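Following: one structure in structure tokens, then a few remarks.
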Amino acid sequence: MTIAKCCLAVLLLAGVWVCSGCSSSNREGAAKPVAVDLTRIDLPSFGLAAPIPDGFARDADGDTVFMLAPIDEVGRRGDRVIMCLSQPLSEGESFEQRVKKVSLVEGLEIQNDPIDWGGRVATDLRRPTRKLGRGVVRQAILERDGRVYRLAYVADAGQAGEQEPFERVLRETTWVPIVAPAMALANRRPRLVLSNSLAVAIPDPFRPVPSQDTEYVIRFEAKDLTTNETVAELLVVPYPPRDTPSSLNAAKERIEKDLASRLGVKALAWEDPRKGGRGARSLPAEGRDGTVQIYIHLQRGSVTAFCLLTRSGEKSAGEMVRVFDLIQISIATIKGIL
């Protein structure tokens, strides 16, 4: 995928991404807020950690590893952005072939001298000065265990020379062993404001993917980079006001009809309602493609369903369900956003 398409994918994500400072305080019963480091990103399931440069904040990730933008430009098309991507090499493709392809597609020139990216040797690609405009100004690219990692600086012509934030990310990236997604679940910023005005932080390492479902289903997935296989999916269903179930029991029936049956679950059992606070959580059930568990959240007349599908054979299924705990903690209502 080209850098330009990655930027577009972020802007077209369903809902609106906002910085954490825009949200109200958490009101989810006795749940306590989880501290999020706003100076560094730790992504062990992607095999790295990186600094957040001064004046920057984490933006919507799209299908990137991470994306950073100036604080006042988070959630909109700004004049510059730093993004990291990771994709496997195609069968029969060499790293050198991928580098040449990237240089041609992005209009970059391969530099003779390599650069250091967190202690690893990377190829340096730069856009010729005569061709500066909105686009990729500079990019570092390296191979690690059959995967290609790319760090790109995208900027308007006026910001093309302001590369210190990009270079700091290069210098201070730390490469770590890749772990299973369930072992890397973590709260994140910014929050996603859904179409029913509920604000929620989708935990790392889940990333959005195109959905062929109904108009208000948002799909996320978590991949194991060691196999390049999707090990879990998270479906988020913010029911619009005109179509909101009238009660918790009605919401359970609706969810079973809309989601559980489509995933091959014959029936759902639910936890003790006294444990649910403002919602309800189903017990794990075996579906067509793996283990299914659902959390329903009620807030101020709105209903949002979160459906977790952990693929068959995934050894960390029991740990993956912690995604619901992080979602419950993160939920907050943001007034005046939509």
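The values are calculated or read from the model by the stated rules, or taken from the named source; none is laboratory data. Treat the numbers as computed from the prediction; the structure is a model and nothing was measured. Cβ: placed from backbone, ideal geometry, glycine included. Neighbour counts: every protein chain shown.
Scanning region 35-53 for residues that are farther than 18 Å from LEU192 by Cα and in contact (Cβ under 8 Å) with a residue 60 or more places away in the chain turns up ASP42, LEU43, PRO44, SER45, PHE46, GLY47, LEU48, ALA49, ALA50, PRO51, PRO53.
Which residue is modelled with the lowest pLDDT, if the candidates are limited to region 298-315 and must be closer than 21 Å to VAL265 by Cα and surrounded by fewer than 19 Cβ atoms within 10 Å (Cβ to Cβ)? Selected residue: LYS315.
Answer yes if at least one residue in region 147-157 is small (Gly, Ala, Ser), surrounded by fewer than 18 Cβ atoms within 10 Å (Cβ to Cβ) and within 20 Å of PRO44 (Cα to Cα), and no otherwise. So far as region 147-157 goes, no, none of its residues is small (Gly, Ala, Ser), surrounded by fewer than 18 Cβ atoms within 10 Å (Cβ to Cβ) and within 20 Å of PRO44 (Cα to Cα). Consider region 107-122 and keep the residues that are buried (at least 19 other Cβ atoms within 10 Å of the Cβ) and within 26 Å of the chain's Cα centre (by Cα). The one that is farthest from LEU192 (Cα to Cα) is ALA122. Screening region 137-146 for residues that are farther than 15 Å from ALA50 by Cα and crowded, with 24+ Cβ neighbours inside 10 Å and picking the one that is modelled with the highest pLDDT gives GLN139. The residues on offer are ARG127, ARG134, and the sole one that is surrounded by 15 or more Cβ atoms within 10 Å (Cβ to Cβ), farther than 29 Å from ILE178 by Cα, assigned by TED's automatic domain parsing to the domain that holds ARG77 and over 27 Å from the mean Cα position of the chain (by Cα) is ARG127.
Determine whether region 242-252 contains at least one residue that is at pLDDT 80 or above, within 21 Å of the chain's Cα centre (by Cα) and polar (S, T, N, Q). Within region 242-252, none of the residues are at pLDDT 80 or above, within 21 Å of the chain's Cα centre (by Cα) and polar (S, T, N, Q). For MET183, the conditions (1) at pLDDT below 95; (2) in contact with a strand residue (DSSP E or B) (Cβ under 8 Å, 6 or more places away or on another chain); (3) closer than 28 Å to ILE52 by Cα all hold with the exception of (2).
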